[in-house]
Amino acid sequence: EAAARRKGKARRGRGKVRNEGLLSKQKRSRRMKANDRERNRMHHLNSALDALRSVLPTFPDDAKLTKIETLRFAHNYIWALTQSLRLA
């Protein structure tokens, strides 16, 4: 039984060394896929913010709001429109 345990440990150890390159490639591949997902997420977020900016009234027209300014302005604009509807 002790010999069988030693064999198992030795076998796992050799396998680990052999698969080290494969694990490194897998980690690199997972990291690249995660980077691609994050890049796509940011592209979609930026596109959505651009679309939101296009419907918000800004002065001057060529001034581009930052992301947080866009969200705050949209929130305040929606609140103001809601108030004007309530008063009408």
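Just so you know, all these numbers are worked out from the coordinates, no wet-lab data involved. Just so it is clear, the model here is predicted, and its values are computed rather than measured. Glycine also receives a Cβ, built like all others from the backbone with ideal geometry; neighbour counts cover every protein chain displayed.
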**OP:** Could you grab the Rg to Rh ratio for region 14-87? Cα atoms only, Kirkwood for Rh.
**Re:** 1.40
Original post:
Calculated FRET efficiency, Glu69 and Ala34, Cβ-Cβ r, R0 35 Å, to nearest 0.05?
Top reply: 0.75
**OP:** May I ask you to list the aspartates and glutamates whose Cα is less than 17 Å away from that of Lys25, ignoring any residue fewer than eight positions away on the same chain?
**Re:** Asp36
Subject >> Phi-based couplings in Hz for region 39-54 (Karplus 6.51, -1.76, 1.60; Gly and Pro marked x) >> reply: 4, 5, 4, 5, 4, 5, 5, 5, 5, 5, 5, 4, 5, 5, 4, 5
